Each structure stands twice: as C-alpha cells, then as structure tokens.
Amino acid sequence: MLRIAGHLFMALSAVVLALPIVVVAASALNSGRTMLFPPEDPTLDRFWEFFVTETVWTTALLNSMIIAVGAAVLAVVLAWPLAYVLWSSGSKASKTLAALGSMPFALPPIVFGVGLGFFWAFLGALGTIAAGIISHGILFLALPLVTISIGLQSIDRANIEAAATMGATEAMIFRTVILPQTLPYTISGFFFALVLSFNEFIVMFFVSASAYATVTLQIFNSLRNGYTPTMAVGAITFITVSVLVFSAVARWGDLPRLMGADQSKT
Amino acid sequence: MTTIDDTAFAAPPARSRPNWASGTNLILMAIGAVLIVFCIVPFGLVIAISFGQKIEGAAWEWAFTFENYQRFFVGAEWPDTVTFLYLQRLGYALWYAVIASVLAVATALPFTYLMTRLSRAAQARWLVFLLASLSLSEVFIVMGWDILLSNRSGLPALFKATGLTDWLKDVGWFDVLREWGLANPRNVKFKPSQFATILTMSYLVWPYAVILLYPALSRLDTSLIEAARTMGARPFTVARTVILPSVRLPVIGSTFLLFVFLLGTYVAITVFANPAQHTTAVSIYESVRGASLNAPFGATQAVILLITAAVFLGLGQALNRASGGAR
C-alpha cells in the first residue's frame with residue numbers, strides 16, 4: 001500500500017517536473033505566430049527558422065555557444081590547479097582560495113551581476129563577449145572545483161606510494177596516475193559549467209549591457225512582445241543539449257557518486 | 001570522504017623536485033590574484049558605489065553619503081514623509097523565498113528518499129532528468145508556466161473545457177478562489193498572483209533541493225530502518241524517529257541555501273507577481289538598467305540584499321554547528 005503510494009508520488013513528481021517542459025516543447029510545433037497548447041496545425045518550420053533563417057536567433061545561439069565553451073574551459077583551467085593544491089597540500093591558503101572561488105556561486109547572482117556590470121564598465125569592456133566569457137568562467141568555477149576535488153579524493157593513495165617507491169618522479173605520477181583517474185571528473189565539471197552557462201540569465205543580462213544577446217537574453221527580450229513558437233525551439237534545443245550532456249556524464253562517469261551517493265552501495 | 005580520511009596518507013607525495021613545488025606555488029599565486037580581482041572587486045565596487053550620488057540627468061559620481069541607505073529604509077523625503085516602499089519590497093523577497101524554499105524541500109525530501117531506495121542505474125536515470133531540469137534556464141521555466149497558467153491556453157482553458165469551472169461555481173468554492181484573487185467572474189485565473197509566483201519559484205529550486213538532499217539520504221544507514229521495522233515500528237514512526245532526525249542538518253542547510261538563492265529571483269517575479277508586490281531584485285534592475293537610472297541606489301539595494309543573504313547563510317551555518325556539536 002505504502003509502496004504504491006511511493007511510486008505514485010514519484011510519478012506525480014516526474015509529471016509536474018516535466019509539465020512546463022512538455023508544454024514549451026509542444027508549442028514549438030505551432031504553425032501560426034501564437035503559442036497555443038495543444039499546438040495548431042503542427043509543423044517543424046520553426047526549427048528551420050531558429051537554426052538557419054532568422055539571424056537574430058542564429059547569432060544568439062552562436063554567442064551562447066562561444067560564451068559557454070569559453071567559460072567552461074576557463075573554469076576548468078582555473079579550478080584544476082586549485083583543486084590539485086587543495087588535495088595535495090590542504091594548506092590554509094588553498095582552502096581560502098577555494099572558498100573565495102565558490103563565493104559568487106553561493107550568493108544571489110543578481111548582486112554578482114550588478115557588481116560585474118560596474119567592474120566591466122570601469123575597464124571599458126562592458127558588452128564584450130570576452131567579458132561575458134570571463135564572468136561566467138568565474139561564476140561557474142565552483143562546479144569543476146567540486147567535481148575535480150571528488151575525483152582527486154577517489155584516487156587510492158597506495159597507487160601513488162607504489163609509483164613513488166618504484167622511482168617515478170612527481171611529474172610522471174601526475175601524468176600516469178593522477179591525470180587518467182581524474183579525467184572523467186574533469187570532463188563532468190567542464191560539462192556542468194557548460195550547461196549552466198548556456199542557461200544562465202541574470203549575470204549575462206547585466207554584463208552584456210544589451211550589446212549582444214545570448215539565447216536566454218533574446219528570449220527574455222522577446223518576452224515583452226509575447227511568445228513566438230520559434231522561442232520554444234530554443235527551449236527544446238537547450239533541454240536536449242542538457243539531457244545529452246548529463247546522459248554522457250552518467251554513461252562514462254559515475255553520476256550518483258558525483259552527486260555524493262555512498263560509494264559502497266552498488 | 002570515505003577512503004582518504006586516513007591521516008597517515010594525507011601528507012603530500014614526496015617532493016622529489018623542488019622547482020616543481022615552487023612552480024605550483026607560482027600558479028597558486030596567479031590564480032589567487034585572478035580570484036581576488038574577479039570575486040572580490042565586483043562586490044567591493046557594489047559596496048563603494050552604494051555610497052555614491054546620482055547626478056540629475058546624467059550618470060553618478062563618487063561620494064560618501066548615506067542618502068541611498070536612508071532612502072531604502074525610510075524614503076528620500078524623510079523626515080517630512082516616511083515611506084517603507086523598499087523595505088516592503090525586501091519583505092516580499094523574503095516572503096516568496098521562504099515559502100518557495102520550504103515548499104521545495106518539504107516535497108523533495110520524500111521524493112529523494114524514495115529515489116535513493118532505487119537501483120543505482122535507476123538513480124542515474126533520475127539524476128539525468130533532474131540535472132537537465134535543474135540547468136534549464138529560469139527564462140524557459142517561466143515561459144512554460146506562463147503558457148500553462150495563462151488565461152487563453154493552459155489550465156484555465158482546461159478548467160473551462162472540462163466543466164471544472166462550473167463545478168467549482170456549483171459547490172461554491174469559486175467564490176473562495178475569487179476572494180484569493182485566483183478567479184475573475186468568468187473563470188479561474190492564475191496570474192498575476194502570489195500562487196503562480198511561489199509555484200514557479202518552488203519549481204525552480206526543486207531539482208536543487210533533491211540534489212542537495214541526495215548525499216545525506218543515500219548514505220542513510222539502512223540497517224537502522226530495517227531494525228526499527230523488524231521491531232514492529234510503523235513506516236510513519238520510522239520516518240519520524242529514524243529518518244527525519246538523521247537528515248535534520250542537511251534539510252535545514254538546504255532550505256537556507258535555496259532561500260538565499262531565491263532572494264534574487266528576477267524573471268519569475270516580473271512575469272507572475274503583481275507590480276505592487278515586486279521584490280528588491282526587480283527594484284535593483286530598475287535602478288541600474290531600467291527607467292530610473294540611479295546606479296548608486298541600485299548598488300545600495302544590492303548591498304542590502306547581499307547582507308540579508310550573508311546573514312541567513314551565516315545563521316544556517318551557526319544552526320548547523322550548534323546542533324552538530326550537540327550530537
């Protein structure tokens with residue numbers, strides 16, 4: 001009886017969780033200019049518009065991709081040495097730096113966005129793509145920092161000891177033991193940052209200063225003129241990318257462990 | 001974590017090449033410099049500018065005045081007239097965030113518990129779904145709920161079509177909904193309303209709540225639960241006496257984190273809340289980028305939001321530490 005209730009509750013949660021996503025996705029099939037649900041006269045024309053013909057959306061998509069990839073690379077490049085020093089020395093300085101790096105992610109993003117807006121304005125870089133990449137790179141630094149740290153902690157120190165006794169230098173140990181074992185975690189961190197940057201709105205809103213638009217910004221701009229089915233295609237694209245990325249992480253990495261599940265249970 | 005807490009191995013690997021070590025120090029210093037510039041300076045600027053002055057018809061200038069803070073708490077015309085408009089907006093921000101975060105954690109807790117009882121593969125599938133929904137932009141989520149709740153399509157149309165509206169009218173609950181502002185004379189209407197705002201905000205953080213509760217619940221000692229069950233405890237007794245006490249800390253911790261996260265919600269509020277019930281985040285936007293163009297006052301509001309967030313984060317930590325020490 002309680003088992004059934006549990007299954008029902010999980011099913012209900014899944015339905016509610018999926019509901020707005022399904023509605024947005026279905027609306028993309030509308031042939032007219034208005035969002036109706038269920039869609040009228042379903043067509044795939046909107047996909048063609050979003051990806052090919054409407055420059056507003058193609059530019060926005062390109063901007064989103066450049067910023068997301070750039071920010072994710074930057075976040076990983078900054079997080080790797082930090083996580084490594086944190087793991088190998090555990091010094092106070094590295095702990096402080098790690099806390100510092102996680103700060104923007106923990107505080108309300110709108111405050112960080114306003115601050116970065118002022119910051120880039122002073123440097124004269126407000127509204128440049130580079131400013132967008134760096135802002136997101138810093139904002140999402142916390143994600144690869146966490147995943148890489150989990151990866152480093154999963155290394156059996158006995159392996160390192162063994163390699164050291166056999167005369168391997170630290171550089172060799174790094175290359176042959178540490179790097180291969182943490183690679184899946186590094187890639188996961190990269191993708192977490194990528195996907196969140198792709199979807200981030202408020203920080204980019206202040207940093208772009210309307211000089212360019214990413215897909216989320218473009219959707220917010222269009223929000224005032226009412227929704228169009230083309231916008232919904234953007235949503236479908238995003239959710240597809242996210243599902244693919246996280247499925248890949250689950251397939252090649254250990255997603256439950258990354259999320260903090262107990263290791264001993266399989 | 002589990003395997004490397006052993007202090008015997010916690011020492012760094014032997015430093016056979018000193019220049020390698022000094023190299024890492026150099027890298028660490030460089031990263032430190034980058035972090036200080038990008039993590040500290042923006043917040044510092046917000047604080048510094050919050051004491052600045054607006055120049056009429058132009059931008060703003062550096063100054064050291066408390067006018068902006070005075071305006072936030074008692075209004076610009078104080079002491080002649082007093083207005084609590086901005087305090088009220090902060091109040092709404094707190095109100096929405098409290099309800100939405102508590103609601104999210106309260107519903108995510110049983111869900112997460114059930115999820116951790118599944119097989120590892122099933123958990124991974126659920127996590128993919130949750131993470132995809134978690135990373136979905138606020139903009140899309142608001143769009144989805146907007147379509148669902150808007151009067152022309154979505155739920156109100158469904159209510160009408162299925163005759164649920166008429167049924168509500170027959171049993172008299174329709175008048176109750178009208179009193180709550182959730183219906184117009186013809187049909188139910190969900191926006192603008194606090195209901196829609198809080199529902200969307202809660203939805204926004206629900207996957208986060210699951211992810212935050214997941215580690216604690218998946219490490220729950222199942223033998224305790226089984227022992228209680230064999231001794232004849234009813235499921236609800238087990239939940240109350242075994243499961244809930246052991247996850248009390250993560251539950252409190254996640255609620256505080258999500259609450260702080262929701263304090264700055266912008267898109268959901270602009271779309272779903274009544275303009276009279278807008279929050280500090282909307283007000284910050286209006287000052288910094290919107291119609292009134294008063295960057296120093298925007299910065300002041302951001303500082304106050306930041307302080308509020310920091311206070312609650314600190315409170316959550318203190319609470320954690322206090323009850324952690326008691327155990």
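Of note:
- Full extension of the segment from B:Trp95 to B:Asp170, taken as 0.36 nm per residue of separation minus the current Cα-Cα distance, would add 23.6 nm.
- Rounded to whole Hz, the Karplus (6.51, -1.76, 1.60) HN-Hα couplings of the range B:253-269, x for glycine and proline: x, 5, 4, 4, 4, 5, 4, 5, 4, 6, 4, x, 3, 10, 4, 4, 5
- Under 29 Å, Cα to Cα: Lys pairs in chain B, sequence gap 8 or more or different chains: 5
- Inter-part distance where the range A:133-191 and the range B:40-106 are each reduced to a Cα centre, Å: 43 Å
- Averaged over the residues of B:213-220, the number of partner chain Cβ atoms lying within 10 Å of the residue Cβ comes to 4.
- Interface area, B with A, accessible, probe 1.4 Å, both sides summed, Å² nearest 100: 8500 Å²
- Among B:297-310, B:164-177, the order from most to least packed when residues are scored by Cβ within 10 Å on average: B:297-310, B:164-177
- Taking every residue in A:20-26 and counting other chain Cβ atoms within 10 Å of its Cβ, the average works out to 6.
- Taking amide H positions as modeled 1.01 Å from N, with prolines and chain starts lacking one, the residues under 5 Å from B:Trp60 and 5 or more places away or on another chain are B:Ile55.
- Tilt relative to chain A, helix A:229-252 - C-alpha long axis, 0 to 90 degrees, to 10: 20 degrees
- Remark: chain B carries 48 Å² of accessible area per residue (probe radius 1.4 Å; ligands, DNA and RNA excluded).
- Principal-axis analysis of the Cα atoms of chain A puts helix A:92-106 at an angle of about 10° to the longest axis.
- For the segment A:71-80, counting C-beta atoms of other chains within 10 Å of every residue's C-beta and taking the mean gives 1.
- Sparse packing (at most 15 other Cβ atoms within 10 Å of the Cβ) combined with a DSSP loop state is found for none of the trypsin sites (Lys or Arg not before Pro) in the range B:221-313.
- Cα-based helix-to-principal-axis angle, A:142-153 vs chain A, degrees rounded to 10: 40 degrees
- When chain A is treated as a Gaussian network with alpha carbon springs shorter than 10 Å, the biggest mean-square fluctuation among A:Ile236, A:Ile150, A:Ile173 belongs to A:Ile173.
- An oblate overall shape is assigned to chain B, the ratio a/c of its alpha-carbon gyration tensor axes (a ≥ b ≥ c) being 1.5 or greater and a/b not exceeding b/c.
- Residue-normalised accessible area of the range A:54-258, given per residue in Å² at a 1.4 Å probe: 34 Å²
- Note on A:Thr165 and B:Leu293: their simple-model spin labels are 7.3 nm apart, each label 7 Å out from Cα toward Cβ.
- Relative contact order [Cα under 8 Å, 6+ residues apart], the range A:54-258, whole percent: 34 percent
- Among A:Ala213, A:Ala99, A:Ala163, residue whose mean-square fluctuation peaks in a GNM of chain A (springs only between Cα atoms under 10 Å): A:Ala163
- Loop-resident GluC sites (Glu not before Pro) (DSSP state other than H, G, I, E or B) in the range B:40-138 with no more than 16 further Cβ atoms inside 10 Å of their Cβ: B:Glu56, B:Glu77.
The values are calculated or read from the model by the stated rules, or taken from the named source; none is laboratory data. Just so it is clear, the structure is predicted and the values come from calculations on it, not from any experiment. No Cβ is skipped: glycine too gets one built from the backbone with ideal geometry, and neighbour counts run over all protein chains shown. What goes into the accessible areas is simple: the full protein's heavy atoms, side chains included, and nothing from ligands, DNA or RNA. Shrake-Rupley method; radii C 1.70, N 1.55, O 1.52, S 1.80 Å.
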